[in-house]
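Reviewing the structure listed below.
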Amino acid sequence: MQIILLERIEKLGTIGDEVTVKDGYARNFLLPNKKALRANSANRKVFEANRARIESDNAARRDHATVDATGVEGKEVVLIRASSNSGQLYGSVSVRDIVDALKADGAKVDKSMVVLERPIKTIGVFDVKVSLHPEVAVMVKVNVARSPDEAALQAQGVDVMSAMFEADTGGFTEAFDPNAEPGEIPADVLEDNAETEA
């Protein structure tokens, strides 16, 4: 379907571009959300007559989004979640969780602005894109941890999972005597037992 874009759409074009998209994308997303018009002679005339107003409205929304971006850019939110010993979360971190955390931190965002390319299913620090306007996008850090102490370590750049496995290398190790016969009790253990019995 041929359409005329009413705003910039990533990987598609800018205001006024005539592009061809799949019918379902146009009918289900672009046209109902007033992001585009069908490309026909009547709509071309309407667009050209209103082009200056559409571009000025877009510039005003972009300026407003740029101001809002200063309150969002570089923020770090901490989400405490339960996880297995391997760092896999029981569930996943959703867009709603990130939006709620940002709102609690004083940012003006809604669900449609957060671009989460795939669900977060492990603990760690993740960069998430927040698109305040088609032309204004900022990055926020999402710190997913099992406790506030772990979140503080991750914020300092410590890989908590590898540190945990390195710390876990200790444990019980049995002394090995290469000359011992199978089933034979080592001599030093016999001496220790004799001393405790005496």
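A few remarks follow.
- Residues of segment 130-147 classified as over 27 Å from S84 (Cα atoms) and either at pLDDT 90 or above or assigned to a strand (DSSP E or B) (or both), total: 8
Residues checked against (1) modelled with pLDDT under 85; (2) crowded, with 18+ Cβ neighbours inside 10 Å; (3) part of a loop (DSSP other than H, G, I, E, B); (4) in contact with a helix residue (DSSP H, G or I) (Cβ under 6 Å, 6 or more places away or on another chain):
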| residue | (1), (2), (3), (4) |
| --- | --- |
| R44 | no, no, no, no |
| R61 | no, no, no, no |
| D68 | yes, yes, no, no |
| L89 | no, yes, no, no |
| I98 | no, yes, no, no |
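- Scope segment 28-39; condition of a type outside the set (G, A, S) and touching a residue at least 12 places away in the same chain (Cβ under 8 Å); matching residues: L30, L31, K34, K35, L37, R38
- Every condition in (1) of a type in the set (S, T, N, Q); (2) part of a loop (DSSP other than H, G, I, E, B); (3) surrounded by 14 or more Cβ atoms within 10 Å (Cβ to Cβ) holds for N85 except the one numbered (3).
- Scan segment 102-132 for residues that are surrounded by 13 or more Cβ atoms within 10 Å (Cβ to Cβ) and of a type in the set (S, T, Y) and the total you get is 2.
- Take the conditions (1) within 18 Å of P134 (Cα to Cα); (2) touching a residue at least 24 places away in the same chain (Cβ under 8 Å); (3) polar (S, T, N, Q); Q2 misses just one of them, which is (1).
The values are calculated or read from the model by the stated rules, or taken from the named source; none is laboratory data. Quick caveat, the model's predicted, so the values are computed rather than measured. Neighbour counts run over all protein chains shown; Cβ positions are idealised from the backbone, glycine included.
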